[in-house]
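So the structure is just underneath, and the comments pick up after that.
Every number in this text was worked out from the coordinates using simple rules, so none of it is lab data. As the structure is a computational prediction, the values presented were derived from the model and not from experiment. Here the Cβ positions follow ideal geometry from the backbone for every residue, glycine too, while neighbour counts run over all protein chains shown.
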Amino acid sequence: MEFIKPEIEYVELLPLLLVLGGACVGVLFEAVFPREVRRVPQVVLTMSVLVTALVSTIVVGTDLEEHAGGAGKGLVGAEGSVVVDGPTTYLWGLILVFAIGGVALFAERRLEGGVSAFTGQAAALPGTETEREASTKGLEHTEVYPLMLFAVGGMLLFPASGDLLTMFVALEVLSLPLYLLCGLARRRRLLSQEAAMKYFLLGAFSSGFFLYGAALIYGYAGSMTFAGINDAVRAGGGNQTLLLFGIGLLAVGLLFKVGAVPFQAWTPDVYQGAPTAVTAFMAAGTKVAAFGALLRLFYVAFGAERWSWVPMLWVVAIASMVVGAVLAVVQSDVKRMLAYSSVAHTGFILVGVLGVQSTDELGSTGYTSLEGVLFYLTTYGFAMIGAFAIVTLVRDTGGEATAYERWAGLGRRSPLAAGAFAFFLLSMAGIPLTAGFIGKWAVFTSAMSAGAWPVVLVAIGSSIVAITFYVRHIRLMFFTEPSTDGIGAVTQSSLLTSGTILVCLVATLLLGVVPGPVLDLVTHTGDFIR
């Protein structure tokens with residue numbers, strides 16, 4: 001049997017290779033550098049790798065050519081395992097931008113008195129003398145930086161997968177480092193470890209459902225590639241039961257990752273217990289990667305079976321919006337409120353997924369579902385990272401002050417921080433002149449054009465409910481007297497956190513006031529290669 005040399009498109013896959021290669025170098029740094037001096041090399045390496053990968057993504061995106069085998073610009077590389085097209089490069093750029101913001105939050109040391117927010121000795125039991133000794137010495141885990149790069153590598157591969165096996169590998173590569181990162185908080189160790197365990201269990205369910213669904217789809221189509229599955233679905237004649245159960249199980253696996261109802265049960269616990277820098281990175285990056293994978297799976301592999309999965313997503317979208325908005329109203333912790341807000345936003349994004357898939361169907365007005373979802377993910381990510389970055393600043397003697405009563409009167413003590421947080425909340429609520437308003441308008445337009453007006457009506461109603469808890473928190477910050485048993489104060493941060501907040505604030509403002517350039521960019525990304 002003759003060996004056939006595989007062809008790897010190294011130039012087009014350069015962003016992915018840079019990030020994964022940088023993660024491996026970061027592991028070597030842990031072995032070579034003494035613990036006392038690892039932080040600066042790790043931060044410089046991680047930031048350099050992400051910036052270089054972002055630049056290479058821009059270069060790759062501008063050089064994409066028409067795919068000879070079908071619609072869209074790009075290529076199918078790595079022997080069919082990785083697809084580099086317009087949506088892929090846009091999602092790559094988005095993930096890398098959010099990852100750069102995440103690195104800045106990871107590297108912040110001023111808020112904890114010269115050390116990072118990560119524990120100094122993860123192996124030590126909470127409350128033991130070993131843990132206190134590690135804290136006294138100012139130790140910290142610099143392993144968080146290569147772990148983050150591995151997670152980013154998985155996030156880049158997830159929406160670029162060309163077959164189900166590659167998508168499963170990407171799912172595991174992005175998830176496993178996040179399980180570890182969630183359990184490394186310096187303060188409230190038990191809560192952090194509980195969050196890590198719950199996230200691990202959620203991820204195990206997600207992987208199990210996804211893998212079983214992949215097996216059923218292979219039994220139906222005889223192929224793992226999305227193109228082969230699409231051909232089998234269009235040809236018909238296979239076992240329809242295998243197809244439907246396979247679609248359902250794959251959907252469950254991905255809906256776990258995006259935090260949709262009814263698969264969101266422990267998502268707020270994970271958001272609350274994880275280090276806030278990890279929560280910020282995870283809330284934005286994982287959502288972008290998972291929705292990119294979901295779009296590619298349903299539009300490319302199962303696009304011809306739309307009539308089967310659209311009713312399911314109707315139910316999930318409505319449940320996510322209603323449950324997320326209603327439960328966010330009754331929260332008394334800022335991180336849990338933002339977590340349930342994220343569940344509601346998952347429903348809003350799913351509204352966009354239900355929209356029309358091509359400009360031919362849409363007509364001359366509005367945006368396709370792909371364009372609307374990509375723009376919404378952009379606005380959502382900047383608002384979430386900015387909001388969680390501000391949460392890291394509000395502190396009392398016990399660390400981060402996330403209880404509502406600690407935020408009372410914050411607008412009088414720190415008007416700039418409270419004002420920025422209020423602006424992020426208004427964007428999440430979809431108030432005009434913010435990025436969130438344009439994002440909701442884009443996804444609602446495509447859904448209405450597809451005839452999903454009942455879901456859009458529920459989305460509008462859920463948005464009105466969401467305004468209630470967003471405005472309530474703004475009122476708490478600016479118009480409520482603080483209690484006498486302690487209040488939170490904004491701690492002076494370094495340029496890392498302040499710069500991240502400023503960038504997110506400017507992006508949220510510009511995307512709301514002058515969204516045209518980004519909307520044009522999203523429009524010009526083209527369609528998935530089919």
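Observations on the structure shown:
- The angle between the Cα long axis of helix 86-106 and the main principal axis of the chain comes to about 10°, on a 0 to 90 degree scale.
- Only helices enter this figure: runs of n ≥ 4 DSSP H residues, each worth -39500 (n - 2.57), summed and divided by the residues of the chain, yield -23000 deg cm²/dmol at 222 nm to the nearest 500.
- Computed over the range 290-429, Cα set: Rg, Dmax in Å: 18.3, 59
- Put a dot 7 Å past the Cα of LEU190, heading toward its Cβ, do the same for ARG110, and the two dots end up 3.4 nm apart.
- Alpha-carbon spread of the range 377-446, three principal axes, descending order, Å: 48, 20, 17
- Part-to-part distance (alpha-carbon centres) for the range 460-497 and the range 501-530, which is given in Å: 27 Å
- Calculated log₁₀ intensity ratio I(q)/I(0) where the Debye formula runs over C-alpha points of the chain, q = 0.07, 0.13 Å⁻¹: -0.36, -1.30
- Placing unit charges on the Cβ atoms only, positive for Lys and Arg and negative for Asp and Glu, gives the range 14-524 a dipole magnitude near 1100 debye about its Cα centre.
- Vicinal HN-Hα couplings computed from phi for the range 162-168 (Karplus, 6.51 cos²θ - 1.76 cosθ + 1.60; Hz; Gly/Pro x): x, 8, 5, 5, 5, 5, 5
- Kirkwood Rh in Å, taken over the range 135-284 so that all alpha-carbon pairs contribute: 16.6 Å
- In plain terms, if you count all Cα to Cα distances in the range 348-474 and split them into 10 Å steps from zero, the share in each step is 13, 37, 26, 15, 7, 1 percent.
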